[in-house]
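Data first, discussion second: the structure below is written as structure tokens.
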Amino acid sequence: MIWINLFLLLILAICTVTDLKSRKIYNKVIFPSLIFAIVANFILFSWSGLFETILGFALGLVILFIPFYLGGMGAGDVKLLAVIGALKGVSFVYLTAIYMAIVGAIIALVILLFKKGWAKTIFYYFYSKKHGLSIPLLLHRKALTDTYPYGVAIATGAVMALVLQEYVIL
């Protein structure tokens, strides 16, 4: 089991670096990892391990399919979460998705707040509310359509799930 955890950490590190550098999560990392997950889980846990691998993979795909379909997520991000599910199973990918969503929201909020002009816009909004004026919180379309490498949030969520699963009673 420790080998699967170490392999997972290696895959997460590689995918985080490539996502930050080139905004891509490469198939040449994902597909061999999937094969490793299938073989390792079958060797370690027999048919039940293979079944858990398939279910984890499917859940990982399903969780990010709608954001991908709507254009808010890259295919590499979807495949990365699916491989995490294949390596560690259904409950782990579910925990990863929860932590991933929290981390992703925090990253998005930080990026949004540090965009040019946001501090002034927020100041004017709250200042106007304090004095009884109704000035809408103007959002620049570009700020709402900017993207960031979501593989970082996925990897952070998986590491959080790994640490909390090992050291905290859930």
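The values are calculated or read from the model by the stated rules, or taken from the named source; none is laboratory data. Just so it is clear, the model here is predicted, and its values are computed rather than measured. As a convention, Cβ positions derive from the backbone with ideal geometry for all residues, glycine included, and neighbour counts pool all protein chains shown. SASA here: full protein model, heavy atoms, side chains in, ligands and nucleic acids out. Shrake-Rupley method; radii C 1.70, N 1.55, O 1.52, S 1.80 Å.
Which of the chymotrypsin sites (Phe, Trp or Tyr not before Pro) found in the stretch 1-94 are in a DSSP loop and have at most 15 neighbouring Cβ atoms, other than their own, within 10 Å?
In loop regions of the stretch 1-94 (DSSP not H, G, I, E or B), the sparsely surrounded chymotrypsin sites (Phe, Trp or Tyr not before Pro) are Tyr26.
Let me cross-check Leu70: its accessible surface, 1.4 Å probe, with only protein heavy atoms counted, in Å² to the nearest 10?
Approximately 140 Å² of Leu70 is accessible to the 1.4 Å probe.
Which ³J(HN,Hα) values in Hz, rounded to whole numbers, follow from the phi angles of the stretch 150-162 under the Karplus curve 6.51 cos²θ - 1.76 cosθ + 1.60, where θ = phi - 60° and Gly and Pro get x?
The phi angles translate into 6, x, 5, 5, 5, 5, 5, x, 5, 5, 4, 5, 5 Hz.
Beyond a 25 Å Cα-Cα separation, which of these cross-linked pairs lie in this structure: Lys24/Lys115; Lys88/Lys115; Lys21/Lys115; Lys28/Lys88?
Lys88/Lys115
Let a ≥ b ≥ c be the square roots of the eigenvalues of the Cα gyration tensor of the stretch 1-135; is it rounded (a/c under 1.5), or, if not, prolate (a/b larger than b/c) or oblate?
Cα axes put the stretch 1-135 in the prolate bin.
Calculate, in nm to one decimal, what Asn5 and Lys28 gain on full extension: separation in residues at 0.36 nm each, minus their alpha carbon distance.
Computed gain between Asn5 and Lys28 is 6.3 nm.
I'd like the distance between the alpha-carbon centres of the stretch 145-164 and the stretch 20-51, rounded to an integer number of Å.
Cα centres, the stretch 145-164 to the stretch 20-51: 18 Å.
Determine the order of Glu166, Glu52 by accessible area, beginning with the largest, at a probe radius of 1.4 Å.
Ranking Glu166, Glu52 by accessible area, largest first, yields Glu166, Glu52.
Which distance in nm do the two modelled labels at Ser128 and Tyr148 give, with both placed 7 Å along the Cα-to-Cβ direction?
It works out to 2.6 nm between the two label points.
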